[in-house]
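For reference, the structure discussed in these notes is given below.
The values are calculated or read from the model by the stated rules, or taken from the named source; none is laboratory data. Note that the structure is a prediction, hence the values are computed from the model and not measured. With ideal geometry, Cβ positions are generated from the backbone for all residues, glycine too; neighbour counts draw on all protein chains shown.
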Amino acid sequence: MPSTPPRQTTVVVNHGSRRGREALAEVSRLLDASRLGSVQVLPVEAGGDLRATLRTALAEGPDLLVVGGGDGTISCAADVVAGTDVVLGVLPLGTANDFARTLEVPTDLPGAVGTLVSGKVVDVDLGRIDGRAFLNVASIGLSVGVTERLTPTLKRRLGPLAYPVATLLAYRHHAPFSARLELPDGEGEAVDLDDLLQVAVGNGRHYGGGNAVSPTASLDDHRLDVYAIVRGRLHEHVSIARLLRSGHLIEHERVHHVTTRRVRVVTDPPLPVNLDGEIVTTTPATFEVQRNALHVMVPRTSGAATFEGRSRGAGSTPPL
C-alpha cells in the first residue's frame, strides 16, 4: 500500500543546479496536481543561501522536505535533516544525480514527483568527514582536479559528458601523492601507499555520473568502501577506467580496497577533499559512518535500502 500522504510538504529548489531554474514551473505544476496536501515551494537563488533556507524550512516542521538540485544540494540537505524524523524527498535536477541513481529515484520530474506521492520510506547511512556530511563519495587526488574543471558552463553545455572531458583535463595535470590509511582497532593495520592517483571513500554506491564505488557498495550497509589507485602506465589507467562503471576496479592489481566503519587519511602533501562535488576541507581527515541517519522517500520497487529506524530510538514503522 502507498504511504499515507504527508500533512505538510516543503519544497526547496536550488536555482543554481543544472536544471533548477528552468524546472521550477513544472515542479510547481506537478506538485499542485499531486496528493501531497499542503505544499510550500521555496526557491534558492544563490548557493550561499541554501543551508539557511533549508534550516528555515525544517524549522516549520514539515513531514516531507523535498529538495530539488544536484548531489551537492542533496548532500547539504541531508546534513540539515539528519537525525530528525523529517523525510527527505529528492528531485534530481543536477548533472550527475548519483544519489537518486543509487536509490533508483526516476530522473524525470513526473517520475520523481510520483515517487513522493506513492513511494516508501527507507533509512540510509550518512558519511561524515570531521563532522561534515557526504552521501555518495569523498575523494582526494584526481577527482579534485576533475571538480575544479567541472565549471557550470561545461556542465550546461555537455551535461553528463562533462565528467569524462573534465577527467581528461585533470589527468594531464595530476601530481602523485602518498597516503596513510589508519583503520580502527580490530579492522586491520594501517596501510601506507605511495605514488597515488586517487583515494576515494564511498558511503553510497554511485559517483561521477554513474560510476560505482564497488560492486557491493550500499547506502544501507553501515560501512565505508575505501579504494586507492596507484599511479601506473597509461594503458593500466585505461584498464581501470573501463571498470569504473561496474565498480570492479577494486579487483585491479593497482587498486587497494578495504571496507571499514571509520578511516583516517593522512596524505603527503596535505590535499583538498571533494565531498559530493564540493571541495570543502583538506587532509588529514577522519571519515566515518552515521548509521541510519536519514529517512528518504524512494520508489516502492527500489531495493537500495530498507527501513530499520532503530538507531535513533524510532519505532518499527516509517514516519509517513
| field | residue 143, sole failed condition from (1) modelled with pLDDT under 95; (2) part of a loop (DSSP other than H, G, I, E, B) | value | (2)
| query | Which of (1) free of Cβ contacts under 8 Å to residues at least 24 places away in the same chain; (2) within 17 Å of residue 290 (Cβ to Cβ) does residue 165 not meet, given it meets every other one? | reply | (2)
| query | From the list 12, 39, which one is touching a strand residue (DSSP E or B) at 6+ places or on another chain (Cβ under 7 Å), assigned to a strand (DSSP E or B), among the β-branched types (Val, Ile, Thr) and within 28 Å of residue 209 (Cβ to Cβ)? | reply | 12
| request: Provide a single number: the residues in region 258-279 that are touching a Pro at 6+ places or on another chain (Cβ under 9 Å) and surrounded by 18 or more Cβ atoms within 10 Å (Cβ to Cβ). | output: 4
| Which residues, counting only those in region 284-303, are outside any loop (DSSP other than H, G, I, E, B) and of a type in the set (Ser, Thr, Tyr)? | 286
| request: Tell me, yes or no, whether region 102-115 has at least one residue that is in contact (Cβ under 8 Å) with a residue 60 or more places away in the chain, under 16 Å from residue 288 (Cα atoms) and out of contact with any Ser or Thr (no Cβ under 8 Å at 6 or more places or on another chain). | output: no
| request: Count, please, the residues in region 221-230 that happen to be surrounded by fewer than 21 Cβ atoms within 10 Å (Cβ to Cβ) and in contact (Cβ under 8 Å) with a residue 60 or more places away in the chain. | output: 3
| field | Looking only at region 19-68, and only at residues there that are without any contact (Cβ under 8 Å) to a residue 12 or more places away in the chain and within 16 Å of residue 110 (Cβ to Cβ), the one that is nearest to the chain's Cα centre (by Cα) | value | 22
| request: For residue 126, indicate whether it is crowded, with 18+ Cβ neighbours inside 10 Å, touching a helix residue (DSSP H, G or I) at 6+ places or on another chain (Cβ under 8 Å), aliphatic (A, V, I, L, M) and not assigned by TED's automatic domain parsing to the domain that holds residue 80. | output: no
| message | Just the residues that are at pLDDT below 75 and surrounded by fewer than 16 Cβ atoms within 10 Å (Cβ to Cβ), please, taken from region 1-40. | response | 1, 2, 4, 7, 21, 22, 37
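Scan region 76-87 and tell me whether some residue there is at positive phi and either assigned to a strand (DSSP E or B) or at pLDDT 95 or above (or both).
Among the residues of region 76-87, not one is at positive phi and either assigned to a strand (DSSP E or B) or at pLDDT 95 or above (or both), which makes the answer no.
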| said: Can you pull out every residue in region 185-209 that is surrounded by fewer than 16 Cβ atoms within 10 Å (Cβ to Cβ) and in contact (Cβ under 8 Å) with a residue 40 or more places away in the chain? | reply: 187, 188, 191
| Here are some conditions: (1) more than 19 Å from residue 125 (Cβ to Cβ); (2) at pLDDT 95 or above; (3) in contact with a Phe, Trp or Tyr (Cβ under 6 Å, 6 or more places away or on another chain). Residue 209 meets all but one. Which one does it not meet? | (2)
| query | Would you pick out the residues in region 247-303 that are hydrophobic (A, V, I, L, M, F, W, C) and either free of Cβ contacts under 8 Å to residues at least 60 places away in the same chain or farther than 27 Å from residue 73 by Cβ (or both)? | reply | 249, 250, 255, 258, 266
| field | region 85-133: number of residues that are of a type in the set (Lys, Arg) and over 24 Å from residue 26 (Cα atoms) | value | 2
